[in-house]
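K.L.:
Please find one structure pasted underneath; my questions will follow.
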Amino acid sequence: MTGFRITPFTKEYEQQVIDLIVGIQSGEFGVNISAADQPDLKIIPEFYQKGSGNFWIALQDNEVLGTISLTDIGNAQVGLRKMFVKNGYRGKPLNIGQKLMDTTFNWCNEHSIKQIFLGTVPTYYAAHRFYEKNGFSRLEKNELPKTFHLMDADKWFYYKNL
């Protein structure tokens, strides 16, 4: 198996990104969500890749294995979204998820970001452990910044001070 690389999203990978994300959300975890419910996935450059935001993909031989993004919500804050790693590529030995997360931390440091917020689904148990291992703490929905983009499926929320 050859190595993988993390690179900013480009339009040529749009369908792979959509298939990966929706496949994990609905196919693997049974979340009632479709690509149509997530119009941001059709406008990634306009939605994510502006201001202090960005969208990265983990690629191996032009196959998308993982995604992560940040949205600029103002006030030196970002929202972390669309963190997904293809089944079979999670955890060791590749640590794609950790390398994606480290990419966002480096980006935040380079762009003077002070806080990261995220929403997640209660049944993503491994994701909760991963976020907590990376220094995120739970908070209530009413504690989120007003500019944070809420997703209907998200019921649990986390933040990290940088």
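K.L.:
Can you tell me the relative contact order of region 6-162? Whole percent, Cα pairs under 8 Å, sequence separation 6 or more.
P.N.:
19
K.L.:
With both partners inside the chain, how many of the DSSP beta bridges are antiparallel, as a percent to the nearest 5? Write down the numbers at each step before the final one.
P.N.:
Details: 27 of 31 bridges.
That works out to approximately 85 percent antiparallel.
K.L.:
Next question, about the same structure. Under a point spin-label approximation (7 Å from Cα along Cα-to-Cβ), what is the Thr7-Lys42 distance to one decimal in nm?
P.N.:
2.6
K.L.:
If you take every residue apart from Phe55 with its C-beta less than 13 Å away from the C-beta of Phe55, what net charge results, scoring Lys and Arg +1 and Asp and Glu -1? Please list the in-between numbers first.
P.N.:
Values: positive: Lys11, Lys42, Lys50, Arg81, Lys82; negative: Glu14, Asp40, Glu46, Asp72.
Net local charge, Phe55 excluded: +1.
K.L.:
Moving to a separate point now. Do any of Lys42/Lys92; Lys86/Lys155; Lys82/Lys160 go past 28 Å between their Cα atoms, and which?
P.N.:
Distance filter (> 28 Å) returns Lys42/Lys92.
K.L.:
Please state the shape class of region 5-114: rounded when a/c is under 1.5, otherwise prolate if a/b exceeds b/c and oblate if not, all from the C-alpha gyration tensor.
P.N.:
oblate
K.L.:
To the nearest Å, what is the center-to-center distance of region 113-156 and region 24-102, using C-alpha atoms only?
P.N.:
If we compute the Cα centre of each part, the gap is 14 Å.
K.L.:
If you don't mind, another one. Out of Phe136, Phe148, Phe29, any idea which swings most in a Gaussian network model of the chain, alpha carbons joined below 10 Å?
P.N.:
Most flexible of the set in this elastic network: Phe29.
K.L.:
Among Gly79, Gly119, Gly27, whose mean-square fluctuation peaks in a Gaussian network model of the chain (Cα, cutoff 10 Å)?
P.N.:
Highest fluctuation among the options: Gly27.
K.L.:
So, one more: Just tell me which aspartates and glutamates come within less than 18 Å, Cα to Cα, of Lys99; anything on the same chain fewer than 8 places away is out.
P.N.:
By straight Cα distance, Lys99 reaches Asp61, Glu63, Glu110, Glu132.
K.L.:
Find the relative contact order for region 30-87 and round it to a whole percent, using C-alpha pairs within less than 8 Å whose residues are 6+ positions apart.
P.N.:
24
K.L.:
What is the P(r) of region 119-162, as percent of Cα-Cα pairs per 5 Å bin from 0?
P.N.:
Answer for region 119-162: a P(r) of 5, 23, 32, 25, 13, 2 percent.
Where a number appears in this text, it was derived from the coordinates with a stated rule and is not lab data. In this text, all values refer to a predicted model and were calculated from it rather than measured experimentally. Quick reminder, even Gly has a Cβ in these numbers, built from the backbone with ideal geometry, and neighbours come from all protein chains shown.
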